[in-house]
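Values in this text are rule-based calculations from the coordinates and carry no lab data. Here the structure is a predicted model, which is why all the values come from computation and not from measurement. Here the Cβ is made from the backbone with ideal geometry for all residues, glycine too, and neighbour counts use every protein chain on show.
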Amino acid sequence: MESAAPPLEIQSLTHRYGDLLAVDDLSLEVGRGEIVGFLGPNGAGKTTTLRACAGLLVPHAGRIAIAGVALAAQPLVARARLGFVPDEPFLYDRLTPVEFLEFVAALYDVPADLAARRAEESIERFDLTSARGELIETCSRGMRQKIAIAAVLLHDPPLLLLDEPLTGLDPQAVRTLKDLLRERAARGLGVLVSTHLLEVAERLCDRVVIIHHGKKRAEGTPVALRDGRAGATLEDVFLALTADPEPAP
Amino acid sequence: MIARGVLLGRARALRNSVFGRGRSGGRRGARGPLTGALFAVAAGLILYAVIDGFFDELVRAGATREEMRAVLALAFDVALAMLVIFDLESAVSTLILDRDLDLLRVAPLKPRALLGLKLLDGLPRTAAPIGVVALPALLAWAVPGPTPAATWILAPVVLALLWAIPLGAGTALSLAFLSRIPARRARESLGLVSLLVFAALWVFNFVVLPRFASEAGEPLARMRWLLAAAGHIVALTPGGWAADLIAADALGSRVRSALALVAAAGASLALAAFAAGRLLGPLLMAARTPVARAGPRGRRLRVAVRPFLPAVMRRDWLLFTRDWTLLGDVIAGAVMWTLLPLIVLPLHPVRSPELVRAMLLALAVGTGWGIGTRAFPVERRAAAWMRIAPVPARSWVAARFASVGAFTLAPVAVAALGLGLPARLGAADWLTTLASVLPAAALSIAIGLWIGAAFGEPGWTSPTSVLTLGGRLTSAAALALQTAGWIALPAFSQETTSGAWLSAGLAGSVAVGLTLLVLVALARRVASPGYHH
């Protein structure tokens, strides 16, 4: 049954690490069929936000809903509706990619034939065929990233959360991933992707959210963000929005 | 200058992890080092009380000062042996396989400086036997008596020298060994060495302890017999030198022992520095060169999805069986646990059913603990799937319990048939045996799982160091209590058959209840915010 609710709603999310306010009253939404770029300098709070959405940490305040289901109230239902690829994939080094995909399919209770079909599609699409029988510990960074992406596609969730997904990928795999995300958006599914590659964000994302020091600094389409700044690129906008004031001499 | 900077960084990292600064200073990070230190202090205090009481008993029994000094020397040597058996491999793993070596290796650090830094990194673990065994023994000796100020001043130096002797020589020998094997097998080889040393110690105990116990009377008399028989050998060991330096009456003897101790420690560290200078660089280079490793034999390339429980069991099976150091550790442990009760045979005649029961109990408790404590750490960072996947914590816990239970009961079943059939156990013997073996296995698995979840080291490099220091001490205490409790149980109920049934039933019920409680606590832990390695 397809939900009419947006794949991701975050309202007033706040999270601290001790005295450090990592995410400060952040609200954002990923609509159906939208690819949203999540941009910010290092330490801006992107990974914390994504981990909170994935259920890996419990925020100090705020509400997160995945495809209409509140993560705090119904964590299992919400988790079933998302797929999360962290910056360092959670893989079992002593399994092969095929064994790992089988295990993840079991976790999400994907019917065997459907899981097998989707796994085969991903293996072929991401060119994992040569590595399918090798132990993951022997795979390169890029291969590991591809395996992690293939795993979250198994249960075809309404929302994908991707933290720096292009790290280590070769140009062909980058193209494959971008095509795949566009196809998912065309099917009405949502994607929140954190990246430092502003050119990719500009070309791939329907909308971008820029955060700095845990606070949202700007939100809109790349075109709208550049509006009124003749000749400016998204990079110029990003640098202007995330510049810290010079300390007083 | 670089080494100083790295040292400063280490000190800051320790401060941050203890006081919970920054993002890593979450609940788990803040408690880890403090918990380990608290456990170590508690263990040290207990040992201090034991050794102090033992010294009092020896004094009352009229022991000579030489005998007392030999006890101190034995305690020092036990600490050194523990360091070699339990911690040397961990120290060498830190030196060869630690995660930050990629960073340190590209820095212009000399191999000897790198060796120094990594020995310092391994200090919390390698210093544990010294802090938990040697220091309490030294205090038990020095605190009650009139102790000259020089002894107190010398004490830290003596402990540091005791630490350096096995670590330096052991590191040098390990580097020499590792340089002669394929580097990609370094971790497995280190695990194998640790396993062999541990097994050797077991066999030694197996042979020596029953003989020692049978040739003398009461415990105190036995110890005095041992001191008389082996005192002159102990005097020639580092522990003997250290004890002489602390406790000898004659100045000449003290000076001789000090020279021997300093020379041994100096030679040991020099040997380590020499080995590091010659071997560490190429070894690190080789260990980090990617090597294509063939996948598992007979691998299936077609995707076949299973239901949740079989999927978890299959994953656990693959993770355990593909790490042969882990598997070897578990199998060797199973064999040694089974043989443990045979140690008492020279002391007391034991009926076959009782012996079989004791052997199966030791096997069930030891193997359940061995696999249980490793079940969560073996997942490393991928344990995060417990938080990400839409699976309730209770299902995870039930699946892990079933999985570890199956792996534990398989060798127990084989041993039961192998031991029970030749012993011609009757139906009642089988029933009383199973009535205690099964609950004992269940409780041991549950406690092992909880300890693994609470104290697991996701970055472990050897099968013997999958737990933090606090976890090791906790698990050792839990294991000793369980084993002793189960094996001692018949002593309370040997009078009648009904008494045996009653005590077995009662103990079994308590064990099952405790198992459920521990599993509930484990489920709460797994479901708690922020739980994942």
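Could you work out how much longer the chain between B:L309 and B:W430 gets when fully extended? Use 0.36 nm per residue separation minus the Cα distance between them, nm to one decimal.
Contour length minus Cα-Cα distance gives 40.5 nm.
Each residue of the stretch B:379-396 in order: what ³J(HN,Hα) in whole Hz does its phi give by Karplus 6.51 cos²θ - 1.76 cosθ + 1.60, θ = phi - 60°, with x for Gly and Pro?
Computed from phi, the couplings for the stretch B:379-396 are 6, 6, 5, 5, 4, 4, 4, 5, 8, 8, 6, x, 10, x, 4, 5, 5, 4 Hz.
To one decimal place, what orientation-averaged projected area in nm² is obtained for the convex hull of the Cα set of the stretch A:89-156?
Averaged projected area of the stretch A:89-156's Cα convex hull equals 3.9 nm².
Pull out a ≥ b ≥ c, the square roots of the eigenvalues of the alpha-carbon gyration tensor of chain A, then state rounded if a/c is under 1.5, prolate if not and a/b is larger than b/c, and oblate in the remaining case.
prolate
Straight distance only, please: which lysines reach the Cα of B:K110 with their own Cα at less than 23 Å, same-chain residues fewer than 8 apart left out?
Those lysines meeting the cut-off are B:K118.
What does a probe at A:A232 reach in the stretch A:21-61, counting residues whose amide N is under 19 Å from the point 7 Å along Cα→Cβ?
Answer for the stretch A:21-61: A:37-41.
Please list, in chain and number order, the residues 5+ apart from A:I211 or on another chain whose amide H is under 5 Å from its amide H, with Hs placed from the backbone.
Close amide H contacts, sequence-distant or interchain: A:L39, A:G40, A:R217.
Amide H neighbours of A:A61 under 5 Å, counting only residues 5+ apart in sequence or on other chains, H built in-plane at 1.01 Å?
A:T14
At 7 Å along the Cα-to-beta-carbon direction for both A:D244 and B:L196, put a label point, then send me their distance in nm to one decimal.
5.5
Between A:A70 and A:T138, what is 0.36 nm times their sequence separation minus the Cα-Cα distance? Round to one decimal in nm.
20.6 nm
Show which lysines lie in cross-link reach of A:K215 when reach means a straight Cα distance below 16 angstrom and same-chain residues fewer than eight apart are skipped.
Straight-distance partners of A:K215: A:K46.
Return the distance in nm (one decimal) between the two label points of a simple spin-label model at B:R65 and B:W225, each offset 7 Å from Cα along Cα→Cβ.
Reported label-point gap for B:R65 and B:W225 is 2.8 nm.
Applying the Karplus parametrisation 6.51 cos²θ - 1.76 cosθ + 1.60 with θ = phi - 60° to the phi angles of the stretch B:305-321, what ³J(HN,Hα) value in whole Hz is obtained for each residue in order, glycine and proline being reported as x?
Each residue's phi maps through the Karplus curve to give 8, 10, x, 4, 4, x, 5, 5, 5, 5, 4, 4, 4, 5, 5, 6, 7 Hz.
Using r as the Cβ-Cβ distance of B:V512 and A:H60, and R0 as 51 Å, what FRET efficiency do you calculate, to the nearest 0.05?
Between B:V512 and A:H60 the formula returns 0.80.
Between B:R525 and A:D25, how high is the FRET efficiency from 1/(1 + (r/R0)^6) when r is the Cβ-Cβ distance and R₀ = 35 Å? Nearest 0.05.
So, using R0 = 35 Å, E works out to roughly 0.70.
Can you figure out the FRET efficiency of B:V335 with B:L123, using R₀ = 22 Å and their beta-carbon distance, to the nearest 0.05?
Computed FRET efficiency for B:V335 and B:L123: 0.10.
Can you pull the one-decimal nm distance between simple spin-label points at B:W152 and A:R182, each 7 Å off the Cα toward Cβ?
Result for the modelled spin labels: 7.9 nm.
Given H placed on each backbone N at 1.01 Å, which residues far from A:L160 in sequence or on other chains put an amide H within less than 5 Å of it?
A:G83, A:G190, A:V191, A:L192
Which ³J(HN,Hα) values, rounded to whole Hz and listed in residue order, are derived for the stretch B:466-481 from phi using the Karplus coefficients 6.51, -1.76 and 1.60 in 6.51 cos²θ - 1.76 cosθ + 1.60 with θ = phi - 60°, glycine and proline given as x?
With coefficients 6.51, -1.76 and 1.60, one gets 7, 10, 6, 4, x, x, 5, 5, 4, 5, 5, 5, 5, 5, 4, 4 Hz.
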